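Quick note: the coordinates plus some simple rules give every number you see, no bench work behind them. Source: prediction; values computed, not measured. Glycine also receives a Cβ, built like all others from the backbone with ideal geometry; neighbour counts cover every protein chain displayed.
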Amino acid sequence: MRLSVLDLSPIPSGATAAEALRNTVDLARHAEAIGLHRVWLAEHHNAAALASSSPEVLIAAVAAATSRIRVGSGGIMLPNHSPLKVAETFRVLAALYGDRIDLGVGRAAGTDAKTALALRRSRDLLGAEAFPAQLGELMTFLTYDPDPATRFGPIKAVPAGVAPPPIFLLGASVESASLAAELGVGFAFAHHIAPEHHVAAMLAYREAFRPSRWPPAPHAILATSVLCAADDAAAEDLSRAADLSWLRFGQGLRDLPLPSVAEARAYRFDADEEVLRRARRHVAGGPARVEAELAKLLTGTAADELMVTSAIHDHEERKRSYSRLAEILGVAPRPRV
């Protein structure tokens, strides 16, 4: 089982956005050192708790700071952007960093409706109905290289002559899985966002997959939230802090930073919040508990890869969480070349 990172560049309380972005780069270096497969950077807007508003910029920074690990978007929220511009951005990244670049795309806004309107500049573009056509346009721009001798040919994405990066469709439904299968691209299911139906979606993707010029075979990623602590007691503290952050986000308090363990201990959840906490969307525990929970989560999914996001205030503890996960899954560091 391959293990990868999904990083939202959370801003811990007491830290700055600049420090959060440096943490992202440092986490990527750590992931490479312990043998993880890829690092993906998210796109979120109008949420001051996160520094992940521009994944394409972070991809360039992370790829420059590493040498072997794959780096990509998890994802580019395509309705917020021009397909031509996305194609050109990822052609530049692929030209700079070769076959280490991934292009993960999603249909959500990564924000609220008001901010989506500010990004897209038209109420007619707020729906997701046009997403399949936008994705098809993006794939055409990425794969088309014109004959240089043709005068005034079709619009092209430049630089030309660059092998396109692999495309993954991000989703949280059987519908998204079916679209990824029809197009013949990779698929990543966001279990941390929609914990239901992950088995059905991932199996539907694999069963309906049509080989394409992208991956010759299906590649299914299960993305989820994991907090792997030294023991179960320490994990309860990490989980309490992650729960508080998640509840605040759901309440619209998206500018409050990631709380520390001490801040979470001091917070008193009311009765309604306790009910929501019991519907946790993350796996938390010491190594033995996490191993057992992940085994249950992955059963029946036929996943090729586990991608983990971890909302942990202490950056060094976040790195240790990934190290423990690597040991659980038997991931070995790759030799330097």
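Miscellaneous remarks
- Cα-based helix-to-principal-axis angle, 198-208 vs the chain, degrees rounded to 10: 20 degrees
- Nearby lysines by direct alpha-carbon distance to Lys85 (threshold 18 angstrom, same-chain neighbours under 8 apart not counted): Lys156
- Using alpha-carbon coordinates, inclination of helix 17-33 to the longest axis of the chain, degrees: 80 degrees
- Footprinting exposure proxy for Glu43, Glu19 (fewest neighbouring C-beta atoms within 10 Å first): Glu19, Glu43
- Label point 7 Å beyond Cα of Asp232 along Cβ direction - residues of the range 260-290 with amide nitrogen under 20 Å: 277-290
- Crossing angle, helix 232-250 versus the chain [Cα axis fit, 0-90 degrees, rounded to tens]: 60 degrees
- The mean sequence separation of alpha-carbon pairs under 8 Å and at least six residues apart, normalised by the residue count of the chain, gives a relative contact order of 20 percent.
- Every helix of 4 or more DSSP H residues in the chain counts as -39500 (n - 2.57), and over all residues that averages to -13500 deg cm²/dmol at 222 nm.
- In this label model, Glu316 and Leu247 are separated by 3.0 nm, measuring between points 7 Å along each Cα→Cβ vector.
- Over the range 34-193, the hull volume per residue, using the convex hull of the C-alpha atoms, is 133 Å³.
- Placed amide H near Trp40: partners under 5 Å, 5+ positions off or other chain: Val5, Leu6, Asp7, Gly72
- Computed lengthening from Ala271 to Lys156, 0.36 nm per intervening residue step minus Cα-Cα distance: 35.7 nm
- For the chain, alpha-carbon Rg and Dmax in angstrom: 19.8, 70
- Chain lengthening between Ala113 and Ala163 when straightened (0.36 nm per residue, less Cα-Cα): 14.5 nm
- Taking amide H positions as modeled 1.01 Å from N, with prolines and chain starts lacking one, the residues under 5 Å from Ser13 and 5 or more places away or on another chain are Leu258, Ser260.
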